[in-house]
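Right, one structure below, let's go through it.
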Amino acid sequence: MKRFLGVVTFLVAFLFVFPAWSMEMRPDRLVDKTVQEVLEIIGKDERIGDDKERMLDLIEDKILPHFNFTRMTRLAMGKHWSSAAPEQQNTLVDQFRTLLVRTYSNALTSYRNETVKVDPIKELGDSVDATVRLMVIQGSGKQPVPIDYSMEKGPDGWKVYDVTVAGVSLVTNYRGSFNSQIRKGGVDGLIKTLSDKNRSLEGK
């Protein structure tokens, strides 16, 4: 679980820049351009790993616009989403979003000069749903790690709604945990678990 989240957070952290041109750019080109820019930023900015508030501000401003957290939360909740009241749904989205932000900020310091190759999408056409595939090339003789971004196009451009690392889906992975918590304490029990986890991460 920790290894999975570590790789996911490293790749999600590539999605820093959200300029105006990203609204019309193909999803594979958007990811590729962003990856290269972010690799350069991380390589040059020595303060990223030491200033927590700077890191959180950077994630809030640059990473989050690339994600559809409502859809991610809905998918992670599965059949339980419809049984949650609207206010519970809003709270779950906020708590899940915060969990990922805290996890990302604590994992970014593990970056060690990995390189990334993004595969071009051969046929996109008018599709509003696409999978962007890339490979993380690690050093020290480690095996490359394949990553798939599941993305959808909306009025404000392409957004990520799931990340799959070496065949393991982030949404599916959380769904198992969410289902377990809901069986134990209902939707409110899941909200409490997420809230407690976020408080614990806040102090790290």
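The values are calculated or read from the model by the stated rules, or taken from the named source; none is laboratory data. Predicted, not measured: the structure shown is a model, and the values here were computed from it. Glycine also receives a Cβ, built like all others from the backbone with ideal geometry; neighbour counts cover every protein chain displayed. SASA here: full protein model, heavy atoms, side chains in, ligands and nucleic acids out. Shrake-Rupley method; radii C 1.70, N 1.55, O 1.52, S 1.80 Å.
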Quiz item: Among the strands (runs of 3 or more DSSP E) confined wholly to the stretch 129-180, which include 2 or more residues that are among the aromatic types (Phe, Trp, Tyr)?
Solution: 157-165
Exercise. Please state which one of ASP94, ASP162, ASP129, ASP119 is open to solvent by 60 Å² or more (accessible area, probe 1.4 Å) and touching a residue at least 40 places away in the same chain (Cβ under 8 Å).
Key: ASP119
Quiz item: Residues of the stretch 139-153 being surrounded by 11 or more Cβ atoms within 10 Å (Cβ to Cβ) and farther than 14 Å from ALA166 by Cα, which ones?
Solution: MET151, GLU152, LYS153
Quiz prompt | Among residues of the stretch 168-204, those that are touching a residue at least 12 places away in the same chain (Cβ under 8 Å), farther than 16 Å from LEU100 by Cα and either open to solvent by 30 Å² or more (accessible area, probe 1.4 Å) or touching a Leu at 6+ places or on another chain (Cβ under 7 Å) (or both), counted | solution = 5
Quiz prompt | Verdict on THR91 being assigned to a helix (DSSP H, G or I), modelled with pLDDT under 95 and β-branched (Val, Ile, Thr) | solution = no
